1. Select from 276, 217, 39 the residue whose mean-square fluctuation is largest in a Gaussian network model of the chain (Cα-Cα springs shorter than 10 Å).
2. Return the percentage of antiparallel bridges among DSSP beta bridges fully within the range 242-351, rounded to the nearest 5 %.
3. Per residue, how big is the convex hull around the C-alpha atoms of the chain? Give it to me in cubic angstrom, could you?
4. Set the Förster radius R0 to 30 Å, insert the Cβ-Cβ distance between residue 172 and residue 292 as r into 1/(1 + (r/R0)^6), and round the FRET efficiency to 0.05.
5. For residue 83 and residue 364 in one chain, what is 0.36 nm times their gap in residues minus the Cα-Cα distance, to one decimal in nm?
6. For residue 109 and residue 354 in the same chain, what is the full-extension length gain: residue separation times 0.36 nm, less their Cα-Cα distance, in nm?
7. Above 22 Å lies some portion of the pair distances; for the range 25-115, what is it as a whole percent of all C-alpha pairs?
8. With each label point set 7 Å from Cα along the Cα-Cβ vector, what nm distance links residue 301 and residue 242?
Ligand code: A3P
Ligand code: MG
Ligand code: MG
């Protein structure tokens, strides 16, 4: 593998965000007009069942049931005896999205005499979560990332590779941390019903294998994107707008007791929440604020379109335009870099906080991620 690392501070790469070997993540370089971001359109959805099996339908969709303002939900309930945890050492890469693409190909390249240079009529296929990481990169000081990119029939596929640091963290989580990760899913169980007219079932099992995922298409400047993201639930009102506008993202967060805590919430939590939901066009986040014992003491709705107003009084705070411009320039950097069209070629983009984004090139390596079944299906 031919690994390329640039020296960092004061380099030309820092002055020019689109240097050919490295991409700067310095915020100042991305302080410009908000780029064009087309309203995301849902082109389909899929479900993963309790055993993580793929279904090309919305069977795992859930319906939001508004809780009381101060519900006192006990998020610790069921952790020991009614919890089935997804095995997060299994790396699924883009497989579920690719299965969706194979099953819905006709929806994508409907223009039969397409003038487009690629078979899918999109420039990038990826997970929403990978794009969320890109959006927050200019403000991230703790966790780096690695993103593998492969060009196949004109479309660039981007799939995350777990960093060494992330693997170590995953393998060394404390019991407290493991339990706290359960709390977010337990909150979902308290606020979601399986049917439009149903009620939540807090006595049931929490199984984190289950998921409902939306697939959306949109454009960021001149990048045509197709991505999928997990959706927690939807508005059950039959008069609600069409997806993705009817979707609701659920979150938990520590209760806010001091001005310092409020400031940190605005500066760090709301950045992640905004990035995750803005991308697929999910308009609101319902937050359960919990105490140290895992009891939800209050519930509040945040409208994504109002978050930039909410944070305006925060000194030196994050800006949506920086997030979007960085993502846009990263995708331009990827397009320039990923030139060879081959399913076995991987361009591995790596980033560590306080560094530039760099890349290395790998042929027929451990990083190849497009499955043979996908390549064969798309070549037919
Ligand atoms: P919270 O969001 O309430 O923290 P999501 O909010 O994206 O729908 O994810 C549901 C829950 O999964 C989260 O609840 C959290 O408990 C857990 N979770 C999500 N991303 C995680 C991550 N990167 N590390 C650990 N837990 C995570
Ligand atoms: Mg979720
Ligand atoms: Mg959630």
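1. Result for the chain, Cα springs under 10 Å: 39 fluctuates most.
2. Bridges in the range 242-351 that DSSP calls antiparallel: roughly 50 percent.
3. Once divided by residue count, the hull of the chain is 153 Å³.
4. 0.85
5. So the extension gain works out to 97.3 nm.
6. That pair, residue 109 and residue 354, stretches by 84.1 nm at full extension.
7. For the range 25-115, the fraction of Cα-Cα distances above 22 Å is 62 percent.
8. That separation, rounded to one decimal, is 2.2 nm.
Quick note: the coordinates plus some simple rules give every number you see, no bench work behind them. Small disclaimer: the values here were computed from a predicted structure and weren't measured. Methodologically, a virtual Cβ is constructed for each residue, glycine included, from the backbone with ideal geometry; neighbour enumeration extends over all protein chains shown.
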